[in-house]
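Chemist: Take a look at the following structure, please.
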Amino acid sequence: MSCCAAGTESAAELEALKSEAPSPEEMWLSSRPLGEGRRQVDLIVPGVHCGACIALLEKELPKVASIDHARVNLSTRRVSVVFDDRDHPETVLTALGEKFNALGYPAHLPGGADESADPVFRDLLKALAVAGFASMNVMLLSVSVWSGAEAATRDLFHWISALIAAPALVYSGRIFFTSAWGALRHGRANMDVPISLGVILAYAISLHETITHGEHAYFDASVTLLFFLLAGRTLDHMMREKARSAVRNLVRLSPRGAMVIKEDGSREYLALDEIEPGMRLAIAPGDRIPVDGRIVSGRSDMDFAVVNGESAPQLVEAGSLTPAGTLNLTGPLVLEATRSARNSFLAEMVSMMEAAESGRAGYRRIADRASAIYAPAVHLLALGTFIGWMVVSGDWRTAMMTAVAVLIITCPCALGLAVPVVQVIAAGRLFENGIMVKDGSAMERMAATDHVIFDKTGTLTQGKPRLINSASVAPDHLAIAARIARTSRHPLSQALATHDQPATDMPDFDIVESPGDGVEAISADGDVYRLGRSAFALDGHNEGFERATDASQVILSKNGQFLDVFLFSDQLRRGAAQAVARLAALGVDAEILSGDREAPVKALSTELGVTDYVAGVRPRGKVERVKALTEAGGKPLMVGDGLNDAPALSAAHVSMAPASAADVGRMAADFVFLHDSLEAVPLAIAVSRKAGSLIRQNFALAVIYNCVAVPAAVLGHATPLIAALAMSSSSILVVLNSLRLRRKTTVESFARPVAGQSGADVVAGAGLEASA
Amino acid sequence: MNNLIFLIPIALFLGALGLAAFLWSMKSGQYEDLDGAAWRVLDDGDDKPKTD
């Protein structure tokens with residue numbers, strides 16, 4: 001286990017800790033050649049928390065033969081391992097995976113496809129640095145001009161300012177110019193149009209003033225404007241990138257390839273794209289099905305939760321169909337691919353998502369909506385000022401100078417900063433509580449939501465069974481069953497295995513799993529224990545033994561004699577009841593849409609006090625429900641985790657998914673929450689609403705500032721000094737107002753210590769397994 | 001006025017130096033792992049003199 005304090009891990013990281021090391025084939029597929037016989041593989045190691053972890057990994061990993069060096073990136077929790085691929089890369093990678101587990105830092109491969117460094121962010125940062133340099137120097141020169149430099153010095157300073165500002169304008173301003181041009185070409189106006197126009201006109205008129213030895217130049221205004229706006233834009237981008245990289249670091253659920261059995265019986269690991277219909281694939285227990293297929297041989301239990309939302313595993317045999325993405329639990333299978341990856345169930349869901357995307361495509365950001373009114377108003381005002389001064393004074397130069405001053409004063413500097421600063425701070429608040437926001441527009445949409453649709457399995461419930469009658473079964477029976485269950489991957493067995501006490505003295509068992517039925521254990525003295533379905537455990541006789549209809553059960557028998565029955569049921573996700581109550585307090589309706597059967601959905605809705613529920617819904621049905629709500633004028637929030645929820649997630653006005661969700665769902669959702677508690681949903685709504693009201697306040701502040709400053713500018717009183725003062729002070733005011741969101745009193749955050757406590761227990765368990 | 005002839009170039013040069021230093025540090029990847037860098041500075045290896 002890692003060296004650091006328990007409780008710092010999120011639920012998702014704990015989940016990752018339990019996962020197994022990626023297979024050497026998968027690591028090979030994701031590695032890239034560096035030349036000279038060396039390759040690099042990037043792995044995500046959620047357990048890295050501090051300097052000791054870095055030192056340990058960087059010292060120990062190169063001790064594996066053929067591994068050249070390893071470099072840890074603590075910010076992204078990634079380790080880059082460079083290895084020699086010339087002799088037996090598979091053994092090297094197997095040894096690497098084992099080394100990670102032996103050190104207590106389970107690793108997994110990055111989830112997303114796009115892993116390259118972010119070029120946009122680098123561009124923004126460079127542009128910001130250049131604008132910062134230019135504005136600082138031009139401002140210094142301007143201050144000396146304002147303090148009363150004589151005419152010759154003033155001209156010299158203006159020329160130097162012009163020379164500094166020109167390259168900065170071209171380099172840093174191009175981000176705004178291209179965006180403004182793109183909007184204009186499509187006949188729209190965004191915030192960048194008045195910015196570009198203001199900056200370019202200010203520079204042009206100042207240059208003209210400089211050439212004609214004029215008194216006033218606005219070089220400082222045009223570059224500081226760029227600097228402020230770039231700062232806002234960089235913040236906005238940082239927020240999005242942070243959330244994206246966090247989502248990319250989650251464990252990838254879909255396989256990258258599969259073991260193909262060739263006609264001559266040899267096996268080869270092929271990437272997903274290379275698998276064609278008709279190929280035979282070997283699927284080990286614990287693997288996900290890579291492409292749609294039909295089982296040729298083998299018998300197993302399979303988890304179909306991503307397809308139908310049902311938590312109970314189903315028995316599959318030769319001839320059964322297996323959609324891509326489902327999980328093989330107990331027995332090895334051989335299946336024949338029926339469709340290629342491009343046409344499989346997963347791809348079908350993705351295309352349904354693309355079709356449903358219209359749900360949010362029509363949404364326009366608050367800033368864009370504001371600027372659609374603001375930009376024409378500002379331009380008309382500047383034009384009016386120009387015409388007015390032409391009529392009054394007849395001097396085109398004075399008229400032009402005043403019009404430019406109006407453009408600079410009204411330039412939406414505060415607006416450009418107001419929205420991103422609020423959203424970055426709000427995203428930071430959510431991040432502290434384990435909620436990641438994909439972008440600012442998601443937060444704006446979240447604030448408007450009035451209806452929440454929950455998926456059942458995996459969202460409202462944990463999607464994992466738990467033993468419910470541990471109090472009524474005999475303790476020694478439970479101990480035996482728990483010990484036997486340890487070897488099996490079946491979810492019911494794993495739920496039983498959590499009751500295993502490693503300290504208890506137990507005879508050694510010879511354990512054989514019979515897929516689809518249960519586990520058989522023969523003790524040293526010849527007693528046969530069986531754990532599983534009633535028909536299997538009781539050897540055929542007494543077959544009608546059924547105790548509970550709505551709960552899953554497992555029977556323990558000794559030499560065919562009934563010993564005990566264990567009952568399981570899916571547990572509510574932590575905080576589900578509180579979340580529903582708090583949603584009601586926020587004035588948001590809740591409903592449940594589930595692919596599961598009627599009875600469990602009804603029981604759950606009664607337990608939570610949610611009156612609206614629909615059971616047995618197909619993925620298309622969920623999308624239709626979301627569309628119907630939208631058409632009725634609602635703004636639905638979809639919360640779901642399965643593959644079957646993914647189309648509805650992208651159709652909804654705004655969407656949210658737990659970190660345990662299917663890959664596609666996580667990518668489609670606007671918000672992803674890492675902690676276990678469902679209270680993340682009302683918290684996200686509350687913070688988003690608070691952010692929305694702060695943004696509106698900032699807009700109001702900006703409008704008030706304009707009401708004061710614009711008349712002065714129109715009347716020709718706005719000298720460059722006044723323009724610079726007004727611009728900076730309004731920006732500072734807006735930023736200070738946004739910082740109020742940091743105050744904890746405004747939003748109630750939910751209890752974290754509980755999460756940390758339960759986390760610590762799980763970590764200890766995981767550590768024992770890893771070291772055993 | 002005469003002072004300005006060399007003072008302004010010096011000021012601009014120093015500013016440009018700072019800008020160049022920032023761009024270089026970004027290009028050489030020094031902002032890739034800020035959290036890690038904060039810890040690495042505390043790591044002084046095995047803290048024993050080299051044996052010849």
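Chemist: Looking at residue A:672, is it assigned by TED's automatic domain parsing to the domain that holds residue A:457 and over 22 Å from residue A:596 (Cα atoms)?
Modeler: So residue A:672 fits the description; yes.
Chemist: Right, another one. Does segment A:522-534 contain at least one residue that is over 21 Å from residue A:476 (Cα atoms) and modelled with pLDDT under 80?
Modeler: Checked against the condition, which is being over 21 Å from residue A:476 (Cα atoms) and modelled with pLDDT under 80, segment A:522-534 yields no hits at all.
Chemist: While we're looking at this one, here's another question. Those residues that are assigned to a helix (DSSP H, G or I) and either out of contact with any Phe, Trp or Tyr (no Cβ under 9 Å at 6 or more places or on another chain) or more than 7 Å from every other protein chain (Cβ to nearest Cβ) (or both), I need them from segment B:19-34; list them, please. Please lay out each step first, then the result.
Modeler: As a first pass, look at segment B:19-34 and keep what is assigned to a helix (DSSP H, G or I): B:19-27, B:34.
B:20, B:21, B:23, B:24, B:25, B:26, B:27, B:34, listed by residue number.
Chemist: Moving on to the next point. Among the numbered criteria (1) surrounded by 23 or more Cβ atoms within 10 Å (Cβ to Cβ); (2) without any contact (Cβ under 8 Å) to a residue 40 or more places away in the chain, which single criterion is violated by residue A:632?
Modeler: (1)
Chemist: Kindly list the number of the only condition in (1) within 14 Å of chain B (Cβ to nearest Cβ); (2) at pLDDT 90 or above that fails for residue A:145.
Modeler: In the conditions (1) within 14 Å of chain B (Cβ to nearest Cβ); (2) at pLDDT 90 or above, residue A:145 misses (2) alone.
Chemist: Which count do you get for residues in segment A:58-70 that are more than 11 Å from every other protein chain (Cβ to nearest Cβ) and within 31 Å of the chain's Cα centre (by Cα)?
Modeler: 3
Chemist: Next question. In this structure, is residue A:127 out of contact with any His (no Cβ under 6 Å at 6 or more places or on another chain) and within 14 Å of chain B (Cβ to nearest Cβ)?
Modeler: Yes, satisfied.
Chemist: Let me ask another. Residues being modelled with pLDDT under 75, surrounded by 13 or more Cβ atoms within 10 Å (Cβ to Cβ) and among the acidic types (Asp, Glu): count how many of those fall in segment A:535-572.
Modeler: Qualifying residue count, segment A:535-572: 1.
Chemist: Would you be able to say whether some residue in segment A:589-603 is touching a residue at least 12 places away in the same chain (Cβ under 8 Å), out of contact with any helix residue (DSSP H, G or I) (no Cβ under 7 Å at 6 or more places or on another chain), outside the structural domain of residue A:477 (by TED's automatic domain parsing) and in a strand (DSSP E or B)?
Modeler: Yes, that holds for at least one residue.
Chemist: Across segment A:71-93, what is the total count of residues that are within 13 Å of chain B (Cβ to nearest Cβ), among the aliphatic types (A, V, I, L, M) and in a strand (DSSP E or B)?
Modeler: 2
The values are calculated or read from the model by the stated rules, or taken from the named source; none is laboratory data. Small disclaimer: the values here were computed from a predicted structure and weren't measured. Backbone-built Cβ (ideal geometry, glycine too); neighbour counts: all protein chains shown.
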